[in-house]
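Right, one structure below, let's go through it.
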Amino acid sequence: MQRKRPLSEPLPAPQNVTLLVLPGAADLDVSMTLEILRITNSLSNRSAVDVSIMTIDDSPVTLTNGRTLAPTGGADTFKHIDLCLVLSHVNPKPELWTRIQTVIRKLARQSAAMAATDHGPLLLAAAGLLQGKVATCHIDLMVAARETYPEVRWVDRLFVREGAVLTCAGHLAVVDMLLTEIAALMGEDFRSTLAAELVAPPLRVGGASQRDASVRLRASDDLRIQEAIRLMRAHIETPLSVESIAKRVGISQRALELSWRRSLGCSPKRYYMQERINHACSLLLFSNLAINEISYACGFSSSATFSRAFSSFANVTPRDYRLAHGNKIAPLLPVSESHRSEKRRGASQ
């Protein structure tokens with residue numbers, strides 16, 4: 001049973017919120033958004049938010065888990081929308097791109113604010129709505145976003161509001177984004193009441209990283225190794241030598257290699273190559289770049305060199321990897337036999 005609590009601030013006029021749900025959207029994002037807005041209405045004891053669901057062709061869409069969602073209105077239903085939220089999880093089929101861009105641009109003209117989650121920010125960028133702006137998307141899409149839309153400043157954050165545009169990493173970050181936006185709309189007292197009703201954890205700020213730094217740096221306690229990893233990730237297209245990295249972090253190459261093996265169980269060179277291959281995986285999965293373009297973006301001198309390096313880690317060619325896993329979450333790369341051998345050698349030293 002919903003519990004009604006007194007609120008210290010007057011509630012604003014009802015807000016018209018439209019969800020543009022694209023084929024293959026994550027049901028997690030859709031369901032959390034709808035439920036949070038429903039509870040918002042229940043706690044306010046009125047229709048504080050009028051929610052409508054749209055699709056690009058006014059037909060039901062199939063979500064990631066196979067559930068079908070029917071629209072409740074079309075683009076012509078409203079003359080004005082306070083917030084339009086684009087929900088997308090995967091690259092649309094090529095034949096849908098033109099229609100999607102047309103619908104998004106039309107909604108942008110009708111809406112006071114535009115928002116998008118997960119893959120949705122890339123669609124806003126494709127529609128020209130993020131030109132020169134700071135934006136975020138799901139971390140798995142970040143590499144592809146930066147390569148495909150360099151006119152946007154893509155950052156690793158949970159969500160970003162810049163003017164009338166809001167971008168979000170999606171999934172659980174949707175909760176943080178909506179609670180923050182509801183606080184701005186209805187007051188902090190109401191946000192606290194809503195958070196308690198949701199049994200939500202402490203609110204994360206939009207500027208927080210999507211993944212904990214210790215996880216991203218593989219939990220090494222050595223600050224020099226952490227800085228070396230940052231240098232590697234900042235120089236994927238133009239790789240540095242291990243000697244150069246060692247000099248930049250103020251340590252000899254030999255000392256860096258010994259510390260690296262003790263902390264991470266492999267050589268710096270091997271680790272660096274893994275970072276470049278991971279970068280390539282993101283581009284293969286979520287960008288439309290040709291394989292030769294991806295090879296150069298990851299610091300390889302030719303497609304052949306890239307293919308050999310990729311196959312040594314993935315036990316499959318870049319082309320076959322893309323065919324098997326493109327446009328979806330892929331399984332972790334298998335550890336190749338050469339990598340196992342190196343880890344065994346490192347453990348014995």
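Values as computed for the structure displayed
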| quantity | calculated |
| --- | --- |
| Given (1) surrounded by fewer than 19 Cβ atoms within 10 Å (Cβ to Cβ); (2) assigned to a helix (DSSP H, G or I); (3) of a type in the set (Ser, Thr, Tyr), index of the condition THR238 fails | (2) |
| Hits in segment 117-162 - residues which are over 26 Å from LEU34 (Cβ atoms) and either assigned to a loop (DSSP other than H, G, I, E, B) or in contact with a His (Cβ under 8 Å, 6 or more places away or on another chain) (or both) | GLY128, GLN131, GLY132, LYS133, VAL143, TYR149, PRO150, GLU151, VAL152, VAL155, ASP156 |
| Selection within segment 45-57 - surrounded by fewer than 19 Cβ atoms within 10 Å (Cβ to Cβ) and over 27 Å from the mean Cα position of the chain (by Cα) | ASN45, ARG46, SER47, ASP50 |
| Matching entry among GLN210, GLN226 (being outside any helix (DSSP H, G or I) and surrounded by 16 or more Cβ atoms within 10 Å (Cβ to Cβ)) | GLN210 |
| Sole residue being among the acidic types (Asp, Glu) and touching a Cys at 6+ places or on another chain (Cβ under 9 Å), chosen from ASP176, ASP156 | ASP176 |
| Residue among HIS89, HIS80 that is in the same structural domain as ARG161 (by TED's automatic domain parsing), more than 23 Å from VAL175 (Cα to Cα) and either touching a residue at least 60 places away in the same chain (Cβ under 8 Å) or touching a strand residue (DSSP E or B) at 6+ places or on another chain (Cβ under 8 Å) (or both) | HIS80 |
| For ARG191: the one exception among (1) surrounded by 15 or more Cβ atoms within 10 Å (Cβ to Cβ); (2) touching a residue at least 24 places away in the same chain (Cβ under 8 Å); (3) closer than 27 Å to ARG46 by Cβ | (2) |
| Answer from GLU151, GLU147 - the residue that is more than 19 Å from ILE81 (Cβ to Cβ), touching a residue at least 60 places away in the same chain (Cβ under 8 Å) and surrounded by fewer than 23 Cβ atoms within 10 Å (Cβ to Cβ) | GLU147 |
| Residue match in segment 270-288 (condition: over 22 Å from GLU227 (Cα atoms), modelled with pLDDT under 90, in a loop (DSSP other than H, G, I, E, B) and not acidic (Asp, Glu)) | yes |
| In segment 116-153, the residues that are closer than 18 Å to GLN210 by Cα and of a type in the set (Gly, Ala, Ser) | ALA116, GLY120, ALA135, ALA144, ALA145 |
| Some residue of segment 88-105 being buried (at least 20 other Cβ atoms within 10 Å of the Cβ) and under 26 Å from ALA184 (Cα atoms) | yes |
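The values are calculated or read from the model by the stated rules, or taken from the named source; none is laboratory data. Please read all numbers here as calculations on a predicted model, not as lab measurements. For neighbour counting, all protein chains shown are included, and Cβ atoms are generated from backbone atoms with ideal geometry for every residue, glycine included.
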